[in-house]
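Have a look at the structure below, then the notes.
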Amino acid sequence: MFELSTLYAAFERYFGHPPTRIARAPGRVNLIGEHTDYNDGFVFPMALDRATYVAARPRSDRIVRVFSVKFREEDQFDLDQIVRDDQRQWVNYIRGVAKGLLARDLPLRGADLLIDSDVPAGSGLSSSAALEVAVGYTFQLLNNINLLGEELALLAQGAEHSFVGVKCGIMDQLIAALGEAGHALLIDCRDLSYRPVPIPASVRVVVCDSGVRHRLAGSEYNQRRAGCEEAVRLLKPALGKIQALRDVRLTDLAEHGHLLPPDLLPLARHVVSENERTLAAADALAAGDLVKMGQLMVESHHSLRDDYRVSVPELDTLVELALAAPGCYGSRMTGGGFGGSTVSLVEADRVDEFVAAMIAGYAIRTGRTMQPLVCTAGAGVSCVYASEEE
Ligand code: GAF
């Protein structure tokens with residue numbers, strides 16, 4: 001947890017006056033439902049108790065000045081001339097969100113922003129969505145704009161599409177906006193409705209970061225998405241009115257799979273089966289059936305590894321180690337893949353043994369140091385400080 005007083009003092013030091021608002025938006029871990037969101041399908045993430053914080057103060061001009069504590073770098077842009085920066089990716093998340101608000105004809109004033117985060121970057125825990133949502137929410141606070149959580153999420157997703165170039169789904173931004181403490185959310189990515197499911201007190205959600213970051217993750221992601229869209233196009237003549245892989249069943253693939261080239265059939269199979277697993281997993285968790293939930297997580301990992309081909313050997317090793325470690329119900333890679341983290345469901349009473357086994361096992365198998373995070377489900381975006389001034 002961040003000390004707000006530290007953030008407040010850093011803002012004052014940097015900008016020479018105090019902030020009037022501080023907002024936070026969490027990272028996330030997805031329990032199951034991977035690469036289903038951009039197929040109009042189901043996801044089951046929880047918000048983390050780790051977040052990106054934005055301390056802010058409005059300005060009287062049209063300039064936005066941003067200082068990132070993590071990068072120890074400043075950005076400055078004019079609200080009337082927002083362009084992408086080809087050199088520094090982090091600034092595009094902020095510029096893209098501001099541009100998106102302006103494109104919706106929402107009135108913005110310039111602002112001083114200081115940003116810090118305890119969401120580990122590049123670990124597959126969605127630090128970028130946390131940044132986009134925190135910045136979008138801060139602009140709302142400073143300009144008295146009221147967007148629903150869903151609208152804020154769509155705005156943040158739009159920034160990532162147009163300014164960052166990753167054609168991501170809506171999961172990460174939606175859970176950052178709408179997360180509920182103590183709960184995972186079963187989200188229907190077609191109509192954005194959701195059902196909160198409590199995380200039972202008898203389990204812990206443990207994230208293990210493989211330490212691997214794949215340079216091509218963004219382009220591989222876009223290729224997978226394009227592959228799914230192509231599969232829908234090829235299946236349409238046989239299946240009629242389908243809009244997305246969400247509308248396809250495994251029996252449809254058994255009958256009409258020959259319409260898909262050999263590289264697309266496994267992609268479609270993953271998405272269709274993952275949707276079924278995700279719905280079953282939410283029911284299992286709600287019923288306290290942790291054994292079933294764990295099995296579904298493992299099946300999800302195998303499908304991501306073999307059919308969707310987004311795992312890497314280090315993630316497979318972490319899953320293998322987890323399944324052999326004390327108290328583990330199930331484990332899988334989480335997030336987009338090509339590196340990043342695994343998520344494991346572990347008996348609360350045995351979590352210390354589990355963590356010790358994972359640290360030792362990963363060091364022996366890969367020579368890498370890894371510190372598991374035992375996570376609690378946190379709340380979505382919020383304002384954590386408001387001065388009397390505004
Ligand atoms: C990334 C994307 F940003 C999400 O939208 C989602 O597709 C995920 O990968 C895979 O499930 O986090």
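Data overview
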item: The stretch 350-368, residues that are in contact (Cβ under 8 Å) with a residue 60 or more places away in the chain and either buried (at least 19 other Cβ atoms within 10 Å of the Cβ) or under 26 Å from Val203 (Cα atoms) (or both); result: Val351, Phe354, Val355, Met358, Tyr362
item: Residues located in the stretch 175-201, provided they are more than 16 Å from the ligand (Cβ to nearest atom) and either in contact with a Gly (Cβ under 8 Å, 6 or more places away or on another chain) or at pLDDT below 95 (or both); result: Glu180, Ala181, Pro198, Ile199, Pro200
item: Positions within the stretch 115-149 being more than 16 Å from the ligand (Cβ to nearest atom) and touching a Pro at 6+ places or on another chain (Cβ under 7 Å), in sequence order; result: Leu142, Asn143
item: In the stretch 150-166, residue nearest to the ligand (Cβ to nearest atom) [restricted to those that are surrounded by fewer than 18 Cβ atoms within 10 Å (Cβ to Cβ) and not hydrophobic (A, V, I, L, M, F, W, C)]; result: His161
item: Answer residue from the stretch 55-75, given it is hydrophobic (A, V, I, L, M, F, W, C) and surrounded by fewer than 17 Cβ atoms within 10 Å (Cβ to Cβ) and is modelled with the highest pLDDT among those; result: Ile63
item: Every pair of residues 6+ apart whose Cβ atoms lie under 9 Å, when the first sits in the stretch 141-160 and is under 20 Å from Arg190 (Cα atoms) while the second is among the aromatic types (Phe, Trp, Tyr) and within 12 Å of the ligand (Cβ to nearest atom); result: none
item: Check on Asp172, more than 12 Å from the chain's Cα centre (by Cα), within 15 Å of the ligand (Cβ to nearest atom) and buried (at least 17 other Cβ atoms within 10 Å of the Cβ); result: no
item: Long-range neighbours under 6 Å by Cβ, at least six apart or interchain, first residue at positive phi within the stretch 316-336, second assigned to a helix (DSSP H, G or I) and among the aromatic types (Phe, Trp, Tyr); result: Gly327/Phe354
item: One residue from Arg190, Arg249, Arg195, Arg233 being of a type in the set (Lys, Arg) and surrounded by 15 or more Cβ atoms within 10 Å (Cβ to Cβ); result: Arg190
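The values are calculated or read from the model by the stated rules, or taken from the named source; none is laboratory data. In this text, all values refer to a predicted model and were calculated from it rather than measured experimentally. Please note: Cβ atoms are built from the backbone with ideal geometry, for glycine as well, and neighbour counts cover all protein chains shown.
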